Amino acid sequence: MTRTTPTPTVDALVEAVLAGEHGPLPSGLVATSVFWIHHGTRLAGGDTTYLNQYVLVRLGGSFGGCAFEAGEIDPSICRDSSGTPLDVLLREAPRPLRIAALDAYLSETRPHRAAAEAGDAEPVTLPAGTPEVRAKARDAAIAGLLDIEEGAKVGLIGVVNPLIAAIRERGGRPLPCDLNLKATQWGDPVTDDMHEVLDRAEAVVATGMTLSNGSFDTILERCRSRDIPLIVYAQTGSAVARAFLGSGVTALSAEPFPFSQFSAEETGLYRYRTVGGA
């Protein structure tokens, strides 16, 4: 079945927020704090060092976050942007900061915990422990959103090795795609051509990083046109991705800041599903 309904876009969501369609006008709100985090991780038994940079925005009682590629922005953005009216960030900031500001706004207007209290999201507690224990639990929770037949081809856009393993445990055949990795921990080739993956996959799992690099709209449109499930696992833009549930996104694992890798204690994420979705 081919759908002809226009696909929503991230830019259209920003314009709706600026117009006050999702809550108070951003022109009356201020980004109290803008900060960034740069860290590396290599899990035991693996040969991949994951290097991640995040820019974060504090708005009221909420945080918004967005990962970005090295060199896109520099630490001076923290000095230059802290205390800026939110509408200015949404209109003028570099894309990663725009996404973080949008995420902060949507998180503040409806926190994930409030969605869970209303029964619209399922809270999942990640256990205390080592990075390996916590990563395995997180990725099992993400893969648990897949409702697939044995042997189904699952496009994975944004590769982390524990999630490859979790998809296989669910019976899926991963089609890994990433801009920075050439092979998985087990030697599976990783393509950098997401269009090849989107053409072959029977379901797609994509990271929130696609919001940062601008590929999210393309993935959303392609999954809608092919009528296949799209599951998003998001530290980046967890509340932004939530806005597309039922409009192309069929399930979401939302992990608001502070992210699981920054703690050895129990932390939470929130799983969303659409009716009849993944």
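The values are calculated or read from the model by the stated rules, or taken from the named source; none is laboratory data. Note that the structure is predicted; figures quoted are calculated from it, not measured. Neighbour counts are summed over all protein chains in view; Cβ atoms, including those assigned to glycine, are modelled from backbone coordinates with ideal geometry. Calculation scope for accessible area: heavy atoms of the full protein, side chains included, ligands and nucleic acids excluded. Shrake-Rupley method; radii C 1.70, N 1.55, O 1.52, S 1.80 Å.
Sequentially through segment 247-257, phi angles give Karplus couplings (6.51, -1.76, 1.60; θ = phi - 60°) of 10, x, 7, 9, 7, 8, 9, 9, 10, x, 5 Hz, Gly and Pro residues having no value and appearing as x.
The solvent-accessible area of Tyr270, taken with every protein chain present and a 1.4 Å probe, is close to 40 Å².
May I ask for the percentage of alpha-carbon pairs in segment 150-278 that lie more than 21 Å from each other? Counting pairs separated by more than 21 Å, the tail of P(r) holds 37 percent. Close amide H partners of Val205, meaning residues 5 or more places away or on another chain with modelled amide H under 5 Å apart, are Gly155, Leu156, Ile157, Ile231.
Sorted on the mean count of surrounding Cβ atoms within 10 Å across their residues, most packed first, peptides 258-265, 62-69 read 62-69, 258-265. The H on the amide N of Gly268, modeled in the peptide plane, is under 5 Å from the matching H of Leu126, each at least 5 residues off or on a different chain. Packing-based ranking of 90-100, 146-156 yields 90-100, 146-156, ordered from highest to lowest mean Cβ neighbour count within 10 Å.
Only bridges whose two residues both fall in the chain count here: according to DSSP, what percent of them are antiparallel, nearest 5? Antiparallel: roughly 60 percent of the beta bridges in the chain. Note on the chain: helix-only mean residue ellipticity at 222 nm, from DSSP H runs of 4+ residues weighted -39500 (n - 2.57) and normalised by residue number, equals -9000 deg cm²/dmol.
When a/c reaches 1.5 or more, the comparison of a/b and b/c decides; with that in mind, is segment 1-109 rounded, prolate or oblate per its Cα gyration tensor? Cα axes put segment 1-109 in the oblate bin.
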